[in-house]
Each structure stands twice: as C-alpha cells, then as structure tokens.
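Every number in this text was worked out from the coordinates using simple rules, so none of it is lab data. Being a predicted model, the structure only gives us computed values, none of them experimental. Virtual Cβ from ideal backbone geometry, glycine too; neighbours counted across all protein chains shown.
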Ligand SMILES: Cc1cc2nc3c(=O)[nH]c(=O)nc-3n(C[C@H](O)[C@H](O)[C@H](O)COP(=O)(O)OP(=O)(O)OC[C@H]3O[C@@H](n4cnc5c(N)ncnc54)[C@H](O)[C@@H]3O)c2cc1C
C-alpha cells in the first residue's frame, strides 16, 4: 500500500507526486495517462503560462527545470501595464535587481519534463479515473475507479482540477462565483518585437495580455490572453476561422493600441470559463491542491503558481510532521491549510479587486484607477514591492 495517492495528472498533481516521492514518501499517481504535447517545432502549445521565479525555484529543486529545452523558454524582463485612460505602469527586472520577473513556458513542455522526471524517480502511475471516494473517520480513505479498482492510502491528495470529484465526495465546502466572462487565448505573429516584455491592457472590454514567445520563421510571436465577456466570447466563437482572423486581428490591434504593429492570427482561439473559487482544502485523510482547492482570475497569471505553492507547502508539512501523527491526520492537514490561507487570500483579493476596479463603468472610478497607476509609476518603493509580488519571491 502506498502512503499517499495523488489523483489528477495536471502540472500540480505531477509536481506533487514527484515532490513527495523525492522526500521518500511512497506515492502513487492516479489519473488517465496521456502523452504531453511538447516539441511542437514552429507551433506552440495552446496553454502558455507565466511561471513566477518562486515556481521556477520549486521546479529546479524537483529537477524539472533543467529538463526544459532552453529554446522554448522566454524570460520576462519587463511588464508594461496600461489603464484605459492613459494611466501606465512599467515594471522592470532591473529595478528589482533581478535578471527576469518571470518565465513564459508552454504547458506541454512542463508536462513533458514532469513526465520524464516521474519516470526517472519511478513514481507509479495508475492509468485510471476516480469515480468515487469512501471516507470514514476511523479508517483510511478509499478511492474507487472507473475500471472497478479500489485503492487506499493514509492520505488522498486531490489534484483533479476545478471540478474535483474528490472534493465533492469528501464533502469539503466549496464556493464558486462566475465572472460571466471567458479567458480567450490565441497566438499572433507581431510586426514589432516584444523585447521580452509582457504587456497588459485594462480596457472597457476586459483585460488583455500579450505574453512574449520565442520568434519563429514567420517572425515575432506573442500569446494573447483576453478576458472577454461571455457575450463577446460567444460572438467570436461562432465565427469561422477565416472570419475570426480579420475580426480578432482588428479588435485586438485596437485594444492593444497597435503597440506591436500589425497582428497576424496564427492559431485557433480557445476559450476557458473564468471563475473565482475557494474551498475548505482539507478533511480527515484528504487534501486539495491546485485548481481543486482554489481558482483566481487569470489577470495576474498566478493560478498555476498558487497550485505549485500548495505543492511546496504540503510537501514540507507532510515531511516535517511529528512521527506520532499519520499523514492523513486532520491536525497535520490543518497546518497545511493555515499556511496556505494567507497567500491564497492575498491573490484572491488582488485579482478580484483589480477585476472589480477595472470592470466598473463609473467615471470617478475610471479616473481613480488611472490616477492610481500614475502615482504608483512615480513611487520606486511601491514598484519594488510589485516586482517582488510578480516574481513570487
Ligand atoms: C486563460 C487562462 C490563462 C491562465 N494563465 C496562467 C498563467 O499564466 N500562469 C499561471 O500560473 N496560471 C494560469 N492560469 C491558471 C492555470 O491554468 C491553472 O491554475 C492550472 O492549470 C491548474 O492546474 P491543476 O493541475 O491544478 O489542474 P488541471 O490542469 O485542471 O489538471 C487536473 C488534472 O486532473 C485530471 N482529472 C480530472 N478528473 C479526474 C478524475 N476523476 N480522476 C483522475 N484524474 C482526473 C485531469 O485529467 C487533469 O489532468 C490560467 C488560467 C486560464 C483560464
């Protein structure tokens, strides 16, 4: 019997299994097996992440960062944030005496590197899907699978994403608020180089971000993340790819104030519903990590980074627990919950607060948010604070 079963093989679940195995805690990963989409040549994986320096450090400690191909990593050396009434804020790694503020990496590359590391560390992967969980205060939890198997362990860790079945079956409280918008992602070739800068525009039509990618033979590349209202998303999603090319290029060119010149759509567009979610995170014998535990608005690009923060804290709490307590002991798990509560709440307040401030159509609020940006732009100590927050260090 393993001591821990991690359910879900997204980046968070794989990192969790690897971290615990490296600490000598016998861990099995339970999730449908898949081959990560890496090495896509001149194409890019549709999910692109801004990885904070804190997450980079964790992936380095796990031996995963060095498995990522350098040619597919882009350092973010600057962030340029624009309000909707000429307010502007520039953050530079140099101001914080850093080499970069974050890294832009394709999801498929991180997944492939994690899969390699799991093989190197011989972490057992059970290729199956969780359909139920039995919990009882006096015995270990039992996970039931689609293929009719039952597995037990001292602790079940749910890394099975936003619709976590483990969370539901364990009866852990959960709240969800819809932003009534979708995160639209697509890749563009740009006329002008991005200069390793991540751009963000807070506009009347939602928050738009450009994440820098390595150039291809077509030219300079960026990944767009646009949180657009459900109505706008629906309208765009109903277009043919041909129609989308002209509509999206024009609309995004306008919202980005033509900052990078002519934009050429280079990929299909994908949409992800946006929600704010929180949960109780633990029950006897069960802990939640990643999107199973919480979700935030992607405007700060921090959802995965929060999940990797869960991995680091839970691994530390479990490996340093008193020897007389079991891994699934609720008192041990509550230490994890307490330690994560502040960083998760901070990120929720920042992302939800910014979303609220910039989605307001009231003129006084519009003015205040832009004046606020200009004031911050002139105060070096606040800029240094923001740089620290962006890097996660
Ligand atoms: C538009 C957008 C942009 C974003 N950009 C960023 C960014 O730049 N930086 C950042 O840090 N975050 C970003 N995020 C957030 C990030 O995508 C998520 O926080 C992250 O993917 C969560 O990872 P996870 O492993 O917890 O969950 P998931 O990636 O959802 O993985 C869950 C896994 O569990 C498996 N699973 C599901 N059900 C079962 C079951 N019953 N049994 C077994 N396995 C199961 C699934 O197959 C899947 O592999 C963004 C989000 C959006 C919507």
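Structure notes:
- As a proxy for reagent exposure, 315, 7 were ordered by neighbouring Cβ count within 10 angstrom, fewest first; the result is 315, 7.
- Potential extension, residue 39-residue 325 segment - 0.36 nm per residue separation minus Cα distance: 98.5 nm
- Dimensionless Rg ratio for segment 1-155, taking C-alpha atoms and the 2.2 N^0.38 Å reference: 1.30
- Ranked list, fewest to most other Cβ atoms within 10 Å of each Cβ, for 131, 11: 131, 11
- Ordering of 228-239, 185-196 by packing [mean C-beta count within 10 Å, highest first]: 185-196, 228-239
- Listed peptides 327-336, 13-22 by packing density, highest first (mean Cβ within 10 Å): 13-22, 327-336
- Remark: the residue 216-residue 352 segment gains 45.4 nm on full extension, using 0.36 nm per residue and subtracting the alpha carbon distance.
- Using the Cβ-Cβ distance between residue 132 and residue 23 with R0 = 25 Å, the FRET efficiency computed as 1/(1 + (r/R0)^6) comes to roughly 0.30.
- Expressed in units of 2.2 N^0.38 Å, where N is the residue count, the Cα radius of gyration of segment 100-232 is 1.49.
- Considering only 337, 257, 56, the mean-square fluctuation computed in a Gaussian network model of the chain, springs between alpha carbons under 10 angstrom, is largest for 257.
- For the chain: relative contact order, % (alpha-carbon pairs under 8 angstrom, 6 or more apart): 21
- For the chain, the spread of Cα positions along each principal axis, largest first, Å: 61, 43, 42
- Residue 230 paired with residue 71, simple spin-label distance in nm, labels 7 Å along Cα-to-beta-carbon: 4.4
- Nearest 10 degrees, 0 to 90: helix 11-22 Cα axis against the chain principal axis: 40
- Per-residue ellipticity at 222 nm from helix content only, as computed over the chain with -39500 (n - 2.57) for each DSSP H run of at least four residues, stands at -11500 deg cm²/dmol.
- Kirkwood Rh and Cα Rg combined as Rg over Rh, evaluated for segment 299-357: 1.12
- 17 Å cut-off, amide nitrogen to a point 7 angstrom out along residue 334 Cα→Cβ, residues in segment 243-281: 280-281
- Distance-filtered residues of segment 173-194 - backbone nitrogen under 12 Å, label point 7 angstrom along residue 205 Cα→Cβ: none
- The calculated FRET efficiency for residue 116 paired with residue 254, based on their beta-carbon distance and R0 = 41 Å, is about 0.45.
- The value obtained for segment 167-231, namely the Cα convex hull volume divided by the number of residues, is 158 Å³ per residue.
- Cα→Cβ-extended label distance, 7 Å offset, between residue 264 and residue 163, nm: 3.8
- Among 43-50, 146-153, the peptide with the highest mean count of other Cβ atoms within 10 Å heads the list, and the full ranking is 43-50, 146-153.
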